[in-house]
Amino acid sequence: MFCAALIGAACTAPEPSHPPPAEPGAAYVIPFGSVPRAELRRAELALADLTGRRVTVLPARPLPGGALSSECRDGKLETPCPELTYDASALLDAALAKLPGDTFRAVAVTTAPLDTPSHERLIGYARSGERGIVYSARAPGVYLTEAAHRRRVRHIVAHELGHTFGAGHCDEACVMRDVVSVAELERMPEHPCPRHRADFDEGRARSIDSADFRADVGAEQMRIGAWAPAAAALRDAVRRDPKDARHRTALGLALMSQGRLLAADDVLRDAAMQAPEAPQPYYARAVLYAAGFDPYRASAHLEAGVLRDGDPVRAHRAAGILYQDLLDRPRAAIKHFESHIRYGGRDPEVIARLVYLLSPTTLTITDPEVIIASWDPERGLMIAALPPSGGPR
Ligand SMILES: [Zn+2]
Ligand SMILES: [Zn+2]
């Protein structure tokens, strides 16, 4: 999740925290490039207080060229990139790729400016459920006392840690409040609201030894494409909670991503036996077979997943895409896309795919009560009318 704490934003701190829980796991500060010792100390203090873990400052790592903002990297600007700016998401991924095994949370800090892929400046960035946050310790441009510096860093770290604990932005008087204008800075609240206080308390009380924590590590490592560490974390999650079919399904996907298809099939079959009503193991096996393992078996698993899915709008959308993209079965794809709409779905991608499949220029309506649309050569697809949403007719 983006933290939109904008450059210069003086976020506010939560109330003094509770005594540290006696949980295993450590926290780390990771400098990227040259970062003043005083700034590392500020991050260390904030992280120790907010996580209740022992904090270690790791040796500085070079700023990775691959994380440069695309504007700087591609040289597309008319004037040279005035200051080397880094993509916050890419820098976070670089930090997550090399975390010590006992990491509870880690703060990556750089003095370089950060931005989003659309080149909006950011001061901090984090994603829900992941272990890392990143922030820019760029000099604020005005003189700050050391106390004010520490408060500023603590506010940034608290806000971003809140994101990792699953807290979204907040409109209440809350440290999770998003800052969208300079005028709002002065009104920034001091504490998390009660709802987000609960996220902070639950988040910091989590144990790195719990199956859920290991599963989150697996999902984090999957996201950055680190299949082997992802599979290791998910295998650990399965070992710690063998009854949870979600962990087994995620492990199957990680093994599939590693190319270990037979092992993935075994794990997914176990997951389906363990939770026969859950759609996910069936979807995962459908993808496994469709991707080359045994394409003829994909369809039965896909349909079995759709049947078990409590969300038919989502299920038919996913099934249609799989039929269209992986199985090259356009008629089956059309059937599922039409079902998506019949159940009240209006996903623009589904509608665009359906139009493409039916005819890219002269739209053939197969069921005018479901889709009433026309193709305008000037304006493209025109949805003239759609039946009311809210379930199958
Ligand atoms: Zn935020
Ligand atoms: Zn809140």
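The values are calculated or read from the model by the stated rules, or taken from the named source; none is laboratory data. Just so we're clear, the structure is a prediction, and the values are computed from it rather than from any experiment. Here the Cβ positions follow ideal geometry from the backbone for every residue, glycine too, while neighbour counts run over all protein chains shown.
Where in the stretch 101-181 are there strands (runs of 3 or more DSSP E), lying wholly inside it, with at least 2 residues that are at pLDDT 90 or above, among the β-branched types (Val, Ile, Thr) and within 16 Å of ligand 1 (Cβ to nearest atom)?
Result: 132-136.
Pairs please, first residue from the stretch 25-40 and surrounded by fewer than 23 Cβ atoms within 10 Å (Cβ to Cβ) and among the acidic types (Asp, Glu), second anywhere and modelled with pLDDT of 95 or more and in a strand (DSSP E or B), Cβ atoms under 8 Å, 6+ apart in sequence or on different chains.
Partner pairs satisfying both residue conditions: Glu39/Val109.
Kindly list, by first and then second residue, each pair from a residue in the stretch 230-248 that is farther than 13 Å from Ala271 by Cα and touching a residue at least 12 places away in the same chain (Cβ under 8 Å) to a residue that is among the β-branched types (Val, Ile, Thr) and not in a loop (DSSP other than H, G, I, E, B), limited to pairs with Cβ atoms under 6 Å and residues at least 6 apart or on different chains.
Correct list of pairs: Ala233/Val217.
Identify, please: which residue in the stretch 207-236 is out of contact with any Leu (no Cβ under 7 Å at 6 or more places or on another chain) and of a type in the set (Asp, Glu) and is, among those, surrounded by the fewest Cβ atoms within 10 Å (Cβ to Cβ)?
Asp209
On the given criteria, is Tyr282 in contact with a His (Cβ under 7 Å, 6 or more places away or on another chain) and closer than 23 Å to Asp241 by Cα?
yes
Cβ-Cβ under 6 Å, sequence separation 6+ or interchain: first residue in the stretch 190-203 and under 19 Å from Val153 (Cα atoms), partner within 15 Å of ligand 1 (Cβ to nearest atom) and in a helix (DSSP H, G or I). Which pairs?
Pro192/Phe200
If you take the residues in the stretch 192-217 that are in a helix (DSSP H, G or I) and within 16 Å of ligand 1 (Cβ to nearest atom), which one is farthest from the chain's Cα centre (by Cα)?
Arg195
Consider the stretch 315-334. How many of its residues are without any contact (Cβ under 8 Å) to a residue 12 or more places away in the chain and of a type in the set (Lys, Arg)?
Looking only at that region, the number is 1.
Which numbered condition trips up Ile321, out of (1) over 29 Å from Ala275 (Cβ atoms); (2) surrounded by fewer than 21 Cβ atoms within 10 Å (Cβ to Cβ); (3) β-branched (Val, Ile, Thr)?
(1)
Return the residues of the stretch 230-273 that are closer than 21 Å to Arg297 by Cβ and outside any helix (DSSP H, G or I); say none if nothing qualifies.
Gln258, Gly259, Arg260 - these are the residues of the stretch 230-273 that are closer than 21 Å to Arg297 by Cβ and outside any helix (DSSP H, G or I).
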